[in-house]
Amino acid sequence: MNNSRSHSNNENTVENVSMRILFRSAVLDDVEFLLSLRNDPSAWSQFIQARYVSKEEHFEWFKGVLKRDDVKVFIILYGDTSVGYVRYEINEARALVSIAISAEYRGKGFGTQALKLTGQKILCLPNVTALKALVKENNKESLRCFENVGFCRVDREKKGNEYFIIMELGKAT
Ligand SMILES: CC(C)(COP(=O)(O)OP(=O)(O)OC[C@H]1O[C@@H](n2cnc3c(N)ncnc32)[C@H](O)[C@@H]1OP(=O)(O)O)[C@@H](O)C(=O)NCCC(=O)NCCS
C-alpha cells in the first residue's frame, strides 16, 4: 500500500492523507453528516439495504446505535473536516464493516487509511477475532480498498438479484 499518497485536482487539494487522517467515535451531533452520506445514491446503491432512508428512521436508528456496545461508529476526519465513516457491528466474534467516504474525497486514499486505522482498533478488542465485509461484486473501488488493508475474498453470496463478495481479515498472529 502507498502510505504517502497525495492527490490534487481543480476543486480541492488533498495531501499526505496517511499523515493527516484522524478518527473519533461518532456522537449524536454527527447524525446529519451520517444521514447525508447514507442518502447519497452513489453510496446507498452499494449497501445491502440499497434504499433511501427518511430522516426520522435514520435518527431513531442512530440513537439506538449509540446505546449499543456491539456497534462502533467512527467518523473519519481530514483536519477538522468529516470525510466519512466506518461502522463495525460485532456478532459472534466477527465485526461486520460498513464504510462510506464523501464523494468529493473518494479515490484519494481515505477509505484505505480509514479501514486500516479503525480496523486495527477493532481487532484489538478481546471479543473480536476477525473483520468481515460484504461487498457488491461490481464495487471495484470497495473491493480494492478492503484488499489494500489485507482482507481476503472468502466466499460469494447471492442476495436478491445481486452477488456479494464476502471478505475477511483476521487478527495478526
Ligand atoms: C468504497 C469507498 C469507501 C472507498 O473509499 P476511497 O477513499 O475512495 O478509497 P481509496 O481512495 O482508498 O481507494 C481504494 C482503491 O480504489 C481505487 N479507486 C478509488 N476510486 C476510484 C475510481 N473512481 N476509479 C478507479 N479506481 C478507484 C483506488 O485507486 C484504490 O486502489 P489502489 O490502492 O490500487 O490505487 C468509497 O468509494 C465509497 O464511499 N463508496 C460508496 C460507498 C461504498 O461503496 N461503500 C462500501 C460498501 S461495502
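Laboratory data are not the source of any read-out in this text; all were calculated from the coordinates shown. Here the structure is a predicted model, which is why all the values come from computation and not from measurement. Positions of Cβ are backbone-derived with ideal geometry, glycine not excepted, and every protein chain shown enters the neighbour counts.
Annotations for the structure displayed:
- Within the stretch 16-31, restricting attention to residues that are in a loop (DSSP other than H, G, I, E, B) and free of Cβ contacts under 8 Å to residues at least 40 places away in the same chain, the residue that is farthest from residue 121 (Cα to Cα) is 16.
- Taking the stretch 75-173 as the region of interest, the strands (runs of 3 or more DSSP E) fully inside it that hold 3 or more residues being within 13 Å of the ligand (Cβ to nearest atom) and under 25 Å from residue 35 (Cα atoms) are 81-91, 94-101, 130-136.
- Output for the stretch 32-54, where each listed residue is in a helix (DSSP H, G or I) and more than 14 Å from residue 100 (Cα to Cα): 32
- The stretch 87-103: number of residues that are small (Gly, Ala, Ser) and surrounded by fewer than 22 Cβ atoms within 10 Å (Cβ to Cβ): 4
- Residue list for the stretch 156-173, restricted to those being among the aromatic types (Phe, Trp, Tyr) and surrounded by fewer than 15 Cβ atoms within 10 Å (Cβ to Cβ): 163
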